[in-house]
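What follows is a set of notes on a single structure, which appears directly below.
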Amino acid sequence: MPRNAGDRYVCQKCGATIVYEKACPCPADKPHSHSEICCGEQMKHVGKAAAASR
């Protein structure tokens, strides 16, 4: 499953967050291409990050 720029994943145990800054071109037909693991568990997809204003 591809990851898009801005996709956010959060660890339900410690609260750590991963935000994809650049889209990943992995093909959709490979559902296990990515594993966002923290504290021994898959992180939860929580949507897209808001664009940072600078």
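The values are calculated or read from the model by the stated rules, or taken from the named source; none is laboratory data. Since this is a predicted model, take the numbers as computed values, not measurements. Only protein heavy atoms, including side chains, enter the accessible area calculation; ligands, DNA and RNA are left aside. Shrake-Rupley method; radii C 1.70, N 1.55, O 1.52, S 1.80 Å.
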Here D for the chain, in µm²/s, from Stokes-Einstein with a Kirkwood Rh over Cα pairs at 25 °C and 0.890 mPa s, works out to 207 µm²/s
Of every hundred units of 1.4 Å-probe accessible area on the chain, the number belonging to carbon and sulfur atoms, as a percent, is 54 percent
Taking 0.36 nm per residue of separation between K13 and H45 and subtracting their Cα-Cα distance, the length gained on full extension comes to 10.1 nm
